[in-house]
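Take a look at the structure below.
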Amino acid sequence: MASAIVQKIIGGEDAVGELTALLKSKGVQTLADDTLEVLQTQMEDGNKKKADQRKAALTAFSAICEELGQVGEPFTSKLIASVLKLYGDKEKSVREAAEECGPKIVSNLPGYAVKVVVPLLLQSMTTPARPPPSLVPSACSPRWPRTPLSRCPSACLKSCPWCPTL
């Protein structure tokens with residue numbers, strides 16, 4: 001059911017409200033079908049003529065992250081790499097959608113997920129695409145709502161070149 005709504009969103013229809021209503025009513029069970037695979041396929045499609053579809057996939061994913069919060073983290077963390085790649089997209093609208101989506105993903109991550117996220121951030125900086133500037137400060141800032149620096153693992157603090165404490 002959710003994948004059909006996501007297909008509508010990618011097709012250009014304004015069905016984000018329908019998706020959030022479904023997420024509110026059924027919760028994480030909504031993602032049991034191939035919804036995230038459809039989103040990942042659309043986000044990773046490099047065809048320059050499909051920028052609107054990449055932006056729509058980011059919008060749908062952003063709505064999923066916002067609605068599910070930390071409950072959806074095991075599902076949504078799989079798509080962090082795809083969102084990071086879109087920070088360097090050639091289309092400005094896609095980059096802006098990625099910049100809106102990135103902090104929503106990071107704000108839902110628990111402190112122990114740093115071990116997964118920091119390597120992805122560092123790897124994204126070695127690719128030719130631009131680094132995600134708005135995601136890195138929110139992950140390493142004392143204002144990060146769920147995980148202050150005092151709770152970050154010391155390994156993260158030592159390996160993170162953006163941390164203000166280094």
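No lab work stands behind these numbers, since they all come straight from the coordinates. This one's a predicted model, so the numbers in the text were calculated from it and none came from an experiment. Using ideal geometry, Cβ is built from the backbone for each residue, glycine included, and neighbour counts are taken over all protein chains shown.
Key figures for this structure:
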quantity	calculated
Counted charge near Ala51, where neighbours are those whose Cβ lies closer than 12 Å (Asp, Glu -1; Lys, Arg +1)	+3
Environment charge at Lys8 (Cβ cut-off 10 Å; Lys +1, Arg +1, Asp -1, Glu -1)	-3
Reachable lysines, given that their alpha-carbon falls under 26 Å from the alpha-carbon of Lys115 and they are not under 8 places away in the same chain	Lys78, Lys85, Lys104, Lys158
Qualifying aspartates and glutamates (Cα of each under 17 Å from Cα of Lys55; at least 8 residues distant if same chain)	Glu13, Asp14, Glu37, Glu44, Asp45, Glu66, Asp89, Glu91, Glu96, Glu99, Glu100
